[in-house]
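Have a look at the structure below before the remarks.
The values are calculated or read from the model by the stated rules, or taken from the named source; none is laboratory data. What you see is a predicted model; the values in this text were computed from it and never measured. All Cβ positions, glycine included, derive from the backbone under ideal geometry; neighbour counts span all protein chains shown. Areas reflect the complete protein model, heavy atoms only, side chains present, ligands, DNA and RNA absent. Shrake-Rupley method; radii C 1.70, N 1.55, O 1.52, S 1.80 Å.
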Amino acid sequence: MSDAEPDVPAVSFATLARDSAERFQTLRRELGVSTFGINLIILQPRQRGRVHSHDRQEEVYLVLEGELTLVVEGRAHTLGADQLARVGPGTRRQLVNADGERRLVLLALGGSAEHSGRDGRAWSSWDEPGEGAPPQQVPLPEDLPAA
């Protein structure tokens with residue numbers, strides 16, 4: 001479940017429900033995200049999703065656990081944990097867990113607007129006033145001291 005931080009309404013949190021009986025967890029809704037989609041998808045052994053495409057949205061699939069068989073226009077591609085794939089708009093795809101014993105857990109991220117990169121601001125410390133600077137102009141902080 002998501003909770004907005006009381007003092008910072010632009011921050012929300014959610015927890016991945018990896019043990020849910022549901023196939024989809026709509027993290028976009030839980031977090032209040034309005035510019036891209038993000039879903040947790042859980043497929044039990046031998047389950048598969050619909051063959052589908054999107055008119056404008058591209059999707060990225062990140063495998064967290066198990067093995068995804070991503071069928072793109074009838075051709076199967078296999079991805080393991082920590083691997084990603086992007087599928088563009090207008091391209092038919094299907095998510096399949098072909099494994100007969102292990103579940104598949106993945107994140108699906110989708111968006112249709114042009115990415116606006118390099119719009120960040122950075123500060124050297126929490127005490128630094130002002131509008132900040134482009135992140136590439138601010139040195140990385142020192143690592144935390146050893147405990």
Is it true that some residue in the stretch 90-104 is open to solvent by less than 20 Å² (accessible area, probe 1.4 Å), touching a Lys or Arg at 6+ places or on another chain (Cβ under 8 Å) and within 19 Å of Ser20 (Cα to Cα)? yes
Those residues that are aliphatic (A, V, I, L, M) and open to solvent by 100 Å² or more (accessible area, probe 1.4 Å), I need them from the stretch 106-145; list them, please. Leu140, Leu144
Cβ pairs under 7 Å, 6+ apart, first in the stretch 98-120 and of a type in the set (S, T, N, Q), second surrounded by 12 or more Cβ atoms within 10 Å (Cβ to Cβ): Ser112/Gln57
Of the residues Ala21, Ala10, Ala76, Ala14, which single one is out of contact with any Cys (no Cβ under 7 Å at 6 or more places or on another chain) and open to solvent by less than 60 Å² (accessible area, probe 1.4 Å)? Ala14
Residues of the stretch 24-66 classified as assigned to a loop (DSSP other than H, G, I, E, B), touching a strand residue (DSSP E or B) at 6+ places or on another chain (Cβ under 6 Å) and either of a type in the set (D, E, K, R) or open to solvent by 80 Å² or more (accessible area, probe 1.4 Å) (or both), total: 2
